[in-house]
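Below: one structure, written as structure tokens.
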Amino acid sequence: WNGMHTNLSKYTCRFSDWSWPENASTFPSVEEMHDYLESYSDSFLTASPACSFQLECKVINVEQLESPSTERDAHNYKVEWTDLNTKTTHSRDFGGVVVATGFFRTPRWPSFLKKHVGNENKSDNTSNNKPQLMHSSEYRTHHAFKDKSVAVIGSSFSALEIAADISRSAGRVVSVVPSIPWILPRWVPTLQPMQTNTEENTDEDSTTMTVLPVDLALYQRTQAYPKISETISLTPESCRERHQHLQALVGHKQRQSPLGEPTNWEEPPFVAISDEYLDLVREGKIEVVHGRLVGVDEDDGTLQIGDTQTTASSDNAPAHATVLNDIDHVICCTGYSPQLHDFLSSRILSATDYSPDDSFCPMTLAWDTLHPSLPGLAFCGMYRGPYMGIMELQARLAAGVMSGNISLDKEQIQSALKNSELVRHSTPRAQFPHFDYPGFMDTLSQLCYEQRDPLKYN
């Protein structure tokens, strides 16, 4: 939306082979992010005899073909697509396919609201006594809500940032939060080892207070590279340690606000990043309602907010503890679904054990990238978390395996698939499937750079 800034710094939101301009903001604006990606495209993604682009096309089918009799020039996948300009359908066989659609494909709505949402994901509520429904993907500017009463649904990054942004114009902002995250600002004070060149100072515990971008504070290494393995599960003890660390970063501001702090420290913590949300809550410019949106009254448009404990397993549980009246707009910050079943064949979906309703981890894949029964097929960005570093390494892994420059043995892949299953079935689930971001990065980087064939890779 207009005025949005990234919640991760330019040190994380970048590709390793393309630096930001020196004068770029530490947390780039949406305009700066657009220019960065455009400059990357202009420098690397130019058409050539070996590389062509067909834009404004919609892929409608990808299916695995029967194994060819020879490995040379094998065409293992059929891809069908529609040219959106000419309305013509095309088909071609390929030796490899990379699915890079990622998670943010289709706005996800609470199930009971789907009947109010049209084909274009717009609300069909047009009567004066019903609130207008909107998904966060449609939000562009706070000016459109001048003097309106707005309920923002969710406790994710976008929910809190939209609530803060829309308070600039709206007459009333209600933040409906189903869970309580730790809310961190973009800059946080941290204790860092003190750098010294004097031989006399040998105290390894000497530290100094430093203000860092939040991502650099959260993703610091606890072990030297290469880490032995990615951490994929959390114990109650490790959860408590993480809560304690986050509480120390937040300080007393959140505890003294109407939002409050997370109460169950034996479950994985959730984090959101916003510079203004907590202050606006403390000042009364954002009302906080704890619970889950479970219904919109058909007659008067009131919102029913259910107690989180009684609605955790259902979007449309009948019980509710709070009623919100006189709401003009409802903005659902309820995430996305990947919609891979729109174009991947049933054979591919079955091989990956695809679950369209699982917005946490919908597929079983080695490193969220490969599957042994689907040679020549790779996924890039089918991952939730800090994106650009992971996506770059997934792309390098896919390119290396498809070109034969990276060789993976059966034991490696099966171990990675087992880890994927453990992540999918973890209880309770962490905020992100790969919450150990440095560990996942280390794993991918070792696959890309250390287990390659040095005679083939350059």
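The values are calculated or read from the model by the stated rules, or taken from the named source; none is laboratory data. All figures in this text were calculated on a predicted structure; none of them were measured in a lab. Glycine gets a Cβ as well: all are built from the backbone with ideal geometry, and neighbour counts include every protein chain shown. Accessible surface is based on the protein model in full, side chains and every heavy atom, while ligands, DNA and RNA are left aside. Shrake-Rupley method; radii C 1.70, N 1.55, O 1.52, S 1.80 Å.
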Amide H contacts under 5 Å for Glu267, restricted to residues at least 5 apart in sequence or on another chain and with H modeled in the peptide plane, are none
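Given only helices, namely DSSP H runs of n ≥ 4 each adding -39500 (n - 2.57), what is the per-residue ellipticity at 222 nm of the chain, to the nearest 500 deg cm²/dmol? Numbers along the way, then the final one.
Working: 10 runs with 106 residues, N = 458.
Helices in the chain give a 222 nm mean residue ellipticity of -7000 deg cm²/dmol.
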Note: Tyr11 to His143 extended length (0.36 nm per residue) minus current alpha-carbon separation gives 44.4 nm
Surrounding charge for Trp81, neighbours by C-beta under 14 angstrom, Lys/Arg +1, Asp/Glu -1, total -2
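Considering only protein heavy atoms, what per residue accessible area in square angstrom results for the chain with a 1.4 angstrom probe? Don't skip to the end; give the middle numbers.
Values: 24270 Å² over 458 residues.
On a per-residue basis, 53 Å².
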Descending packing, highest mean Cβ count within 10 Å first, for 270-277, 411-418 is 270-277, 411-418
Per the 1/(1 + (r/R0)^6) rule, R0 = 41 Å and r from the Cβ atoms of Leu65 and Ser19, FRET efficiency to 0.05 is 0.50
Counting only protein heavy atoms with a 1.4 Å probe and every protein chain in place, the carbon and sulfur fraction of the accessible surface of the chain in whole percent equals 49 percent
Row for segment 381-448, column shape: gyration tensor on C-alpha, a ≥ b ≥ c, rounded if a/c < 1.5 i.e. under 1.5, prolate if a/b over b/c, else oblate; value oblate
In segment 223-359, taking the dipole from +1 charges on Lys and Arg beta carbons and -1 charges on Asp and Glu beta carbons about the Cα centre, the listed residue (Gln304, Cys332, Cys239) farthest towards the positive end is Cys239
Taking a ≥ b ≥ c as the square roots of the Cα gyration tensor eigenvalues, with a/c under 1.5 meaning rounded and otherwise prolate when a/b beats b/c or oblate if not, the chain comes out oblate
